[in-house]
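S.K.: What follows is a single structure, and I will ask about it in a moment.
The values are calculated or read from the model by the stated rules, or taken from the named source; none is laboratory data. This is a predicted model, so every value here is computed, not measured. Cβ coordinates were reconstructed from backbone atoms using ideal geometry, including for glycine residues, and neighbour counts include every protein chain displayed. Note: areas computed on protein heavy atoms with side chains; ligands, DNA, RNA excluded. Shrake-Rupley method; radii C 1.70, N 1.55, O 1.52, S 1.80 Å.
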Amino acid sequence: MTDALTALTRAARDAPQRTRWFVPGRIEVLGKHTDYAGGRSLLAAVDAGHTVTAAARADRLLRVRSEEAGENVTLDLDRLEEPTGEADGHWGGYVRTVAARLAANFRGRLRGADLTVTTTLPLAAGMSSSSALVVGLALALIDLSGLAAEPAFATAITTPEQLGEYLGTVENGQSFGELSGHRGVGTFGGSEDHTAMLCGVPGALVQYSFCPVRHERTVALGDELALVIAVSGVEAAKTGAAREDYNRVSLAVGEILRRWQEDTGRHDASLAAAIGSGPASVQRLRELAADDGYLAGRLEQFLAESERIVPAAALALEEGDLAEFGRLADDSQAGAERGLRNQVPETITLQRLARELGAHAASAFGAGFGGSVWALVDAVEAEQFAGRWLEAYRARHLERAGTASAAITRPGAAAHRVTD
């Protein structure tokens with residue numbers, strides 16, 4: 001299957017009048033809140049996602065319909081900077097963010113368009129439906145407007161990984177090389193989600209490190225195994241008070257790095273770069289964070305997750321050592337509970353129940369403060385396991401009985417243009 005960047009580049013000089021893109025959700029198997037700190041993640045695209053269908057318009061209007069929300073958003077591409085009065089977290093804010101960034105980075109060449117978004121992805125379930133929306137909107141608009149032929153695009157974005165990193169900055173508002181930052185959506189995340197969506201491999205997990213994005217390993221997930229996803233029923237929101245909690249996790253990394261830079265006079269761009277700067281760096285970072293319990297715990301979580309758990313777990317899975325893989329996933333879950341402090345009783349219950357019911361491994365994933373838990377099980381038992389897992393969870397959390405759900409999935413294809 002042609003990767004997204006190649007498809008965009010081939011079509012760029014004769015931009016189509018119509019296009020359709022599928023963008024999967026993702027499972028962060030391991031690598032909790034590591035990407036924006038330059039750390040590692042073990043990822044999979046999934047076989048559910050958003051489909052964005054787009055047709056060019058002759059005028060300067062951008063009209064987007066979400067079938068899931070049952071709503072339309074209409075923007076004037078010449079008035080993107082004017083306030084709209086949209087409620088905090090409304091999906092229309094993502095539309096405006098993508099359009100404004102592309103217009104700013106590529107000399108206003110964005111074309112008017114009608115877009116429709118349909119989805120098979122559970123929303124606010126930790127599978128990154130919001131980032132999938134950003135990627136899907138961006139791919140469709142880049143395609144229709146022929147932006148991949150722009151010198152600024154072609155110079156800065158030469159690999160699918162770089163495309164993922166750029167789209168991560170579209171969402172968080174940061175700059176990407178010479179492509180200046182603009183309005184983000186208000187959350188301080190990285191490019192893990194976007195990379196998984198653009199670089200995922202069917203039937204396999206992919207290991208990446210970040211800042212910049214670097215592929216480290218692809219690990220096949222045998223047909224004898226399946227991933228069962230349990231949705232807790234607690235919305236993994238990133239708006240309002242939830243946004244403050246989410247951003248606290250990432251801002252803590254920024255504070256540790258600020259202390260390091262001030263203390264050492266170095267200009268390391270990420271926490272991972274600081275750790276790799278010399279043999280005494282970890283001890284000094286621990287000393288610098290020691291006066292703040294949350295910073296100290298956040299540092300230890302990152303050290304364990306990125307430096308030990310992710311590479312060791314990928315190797316264990318590659319070697320077929322499912323017991324070791326399970327132990328490392330348990331360590332990752334413990335780090336989220338104690339270091340990130342982003343777990344809720346429901347996700348903790350789901351992880352414990354999965355292990356008690358015989359899953360090879362299980363862990364919460366995504367932003368935290370709700371969302372979902374994955375469990376790795378034998379494929380022949382997946383359906384039965386999903387039923388028992390959900391039943392046991394609903395018995396423990398009666399208030400979630402109507403909103404919890406479970407699904408069976410396999411690592412799926414990366415984002416791609418859909419051809420009729």
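S.K.: Using only Cα atoms and rounding to the nearest 10 degrees, what angle (0 to 90) does helix 293-302 make with the longest principal axis of the chain?
M.R.: 80 degrees
S.K.: A follow-up question, please. Treating the angle as unsigned and between 0 and 90°, give the value, to the nearest 10°, between the Cα long axis of helix 382-396 and the longest Cα principal axis of the chain.
M.R.: 80 degrees
S.K.: Next up: Cα centroids of the range 402-416 and the range 334-361: how far apart, whole angstrom?
M.R.: 19 Å
S.K.: Using only the heavy atoms of the protein chains and a 1.4 Å probe, how would 348, 309 rank by accessible area, largest first?
M.R.: Correct descending sequence by accessible area is 348, 309.
S.K.: Continuing with this model, one more query. Taking the 0 to 90 degree range and rounding to the nearest ten, how far is the long axis of helix 322-335 tilted relative to the main principal axis of the chain, both from C-alpha atoms?
M.R.: 80 degrees
S.K.: For a paramagnetic label modelled at 7 Å from the Cα of residue 60 toward its Cβ, which residues of the range 93-125 fall within the zone defined by backbone nitrogen distances under 16 Å?
M.R.: 99-113
S.K.: Just by accessible area at a 1.4 angstrom probe, what is the order of 199, 211 from largest to smallest?
M.R.: Numbers: 199 15, 211 65 Å².
Result, largest first: 211, 199.
S.K.: Enumerate by residue number the trypsin sites (Lys or Arg not before Pro) in the range 17-110 meeting two conditions: DSSP loop (anything except H, G, I, E, B), and at most 13 other Cβ atoms within 10 Å of the site's Cβ.
M.R.: Sites meeting the loop and neighbour criteria: 79, 107.
S.K.: Moving on. Any chance you could look up the accessible area of residue 221 with a 1.4 Å probe, heavy atoms only, rounded to 10 Å²?
M.R.: 10 Å²
S.K.: Using Cα pairs under 8 angstrom and six or more residues apart, how large is the relative contact order of the range 142-251, in percent? Numbers along the way, then the final one.
M.R.: Values: 122 pairs, mean separation 21.0, N = 110.
Answer for the range 142-251 is 19 percent.
S.K.: Largest first and in whole Å, what are the equivalent-ellipsoid semi-axes of the range 10-151 based on the Cα gyration tensor, each being the root of 5 times an eigenvalue?
M.R.: 26, 18, 16
S.K.: Around residue 410, with a cut-off of 11 angstrom between Cβ atoms, what is the net charge of the other residues, counting Lys and Arg +1 and Asp and Glu -1? It would help to have the intermediate numbers written out before the result.
M.R.: Numbers: positive: none; negative: 47, 223.
With Lys, Arg at +1 and Asp, Glu at -1, the net is -2.
S.K.: On a 1.4 Å probe surface of the protein chains, which of 408, 229 comes out largest in accessible area, and what is the full order?
M.R.: Numbers: 408 80, 229 5 Å².
From most accessible down to least: 408, 229.
S.K.: Could you derive backbone 3J(HN,Hα) for the range 413-420 from the dihedral phi with the Karplus parameters 6.51, -1.76 and 1.60 (θ = phi - 60°), listing whole Hz in sequence and x where the residue is Gly or Pro?
M.R.: These are the phi-based 3J(HN,Hα) values: 6, 6, 4, 7, 6, 8, 10, 6 Hz.
S.K.: Helix-derived [θ] at 222 nm for the chain: sum -39500 (n - 2.57) over DSSP H runs of at least 4, divide by residue count, nearest 500?
M.R.: After summing the helix terms and dividing by the residues of the chain, the value is -12000 deg cm²/dmol.
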